[in-house]
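The values are calculated or read from the model by the stated rules, or taken from the named source; none is laboratory data. The model shown is predicted, which means the values in this text are computed figures rather than measured ones. Neighbour counts run over all protein chains shown; Cβ positions are idealised from the backbone, glycine included.
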Amino acid sequence: MEKTITKDLLKNELYSDGRPAGELLYSRYSGMLYSYILQFVSEAEAGTLLVDIFARLTPQLNEAFDSSLSVYCWLQIESRKIILEHLRKRGDEAAGDRGPAVAASYFSLLEDALPEHQWVFREVFLYGKSKEDLALESGRDLSYVTQLLRECLGMIRKNLG
Amino acid sequence: MNIELYLQSGIVESYALGLATQREVDEFEQLLPHYPELKEALRDFEYHLELFSIDNEVPPPAEVRQRIEDRLRELPAIPEARRVIRGDLPDYVAAKETSEYIRVHKIWRTLFIVVFVLAKIFLILAIYFFIRYRHVTQK
C-alpha cells in the first residue's frame, strides 16, 4: 500500500461505501495534523483545535479536491489559518507554550540553520507575519528578510530528501 | 520566464506551506499548467512533506476522537451531487423539471401552422366532397 494518499484514492474511498468523510480523514490525517498543531500551541489547546479543524474543514473537502495542492498540504494550510486565527483571538502572538512535538516539527529541518534563519521562519510560519511586516518591525532590509526565508525554504527542501 | 530562477526563489515550498502571498499564489497557479517543471517540483515537495509528517505523526488523545466524531455527526452529509467522481461524469445533468411549460425548437411553430392549415383545407375539401357525393346520390 502506498504511504501517501492521492486525491482520486481519497475521493473513491470517501464516496464509494458511504462512509462519513470525517472518519477516513480522521484515521488518515489526525496524527499528522495533531503533530502539526503542536508546533503552534500546547497539548492543552491542541486537542480543541484539532476538533475545530476537522469540524470546519470536512465540509469544505471539495475545495481540496479542486485545489492544485495535495489533500494533506491543503489541510495543513487551512489548519494553519484556523490556528493563527485562534491565536489572534486569544491575543497571544507569541503562540504560547510549545507542545512535545517541536523536535519533530519543521524546525527540526532547520536545526543546522543560523539563528537568523530560524528567527525568520519562526516569525513567518508560526506567527503568520509577512516579510514586509517583519522587515519593518526588525528594522532590517526587506531583501535581506526575503533572502533568509528563501534560504530556509531551500534547507527544508534539502532536508526533506 | 526563467523557470529555474523562479524555482530557486522558493516559490514551490512557499506555496505548499501556505507562506506565499495572494499575489504569489495567483501567479504560481497561473503558471502551473504551462510549466511541467513547476508541477513536478510541487508534487515532489508535497510527497516528501507528507512522508515527513507521517513519520513524525503524534496520535491525539483518545477523547479527541470522540469529540471530533460528535462534532462531525452534527454536520450535514456531503451533497449527493458532489459525490460523482470526476471522470465518471455522465453526458447530461440530472435536473428536476419544475416548470409546466416545455421548450421546443422554433421550426416546430412553422411546421405546426403548415400542418394546421393543411388539415383545415383537407377538412373543408372532405366536407365539400361529402356534400357533393350525398347530393349526387340523392339525384
*asked:* If I filter the range A:118-161 down to residues being in contact with a helix residue (DSSP H, G or I) (Cβ under 7 Å, 6 or more places away or on another chain) and loosely packed, with under 15 Cβ neighbours inside 10 Å, which single residue comes out as farthest from B:Thr21 (Cα to Cα)?
replied: A:Gly161
*Is it true that B:Pro59 is at pLDDT 90 or above and in a loop (DSSP other than H, G, I, E, B)?*
yes
*Hey, any hits in the range A:90-111 for a residue that's farther than 21 Å from A:Glu45 by Cα and either of a type in the set (A, V, I, L, M, F, W, C) or at pLDDT 90 or above (or both)?*
yes
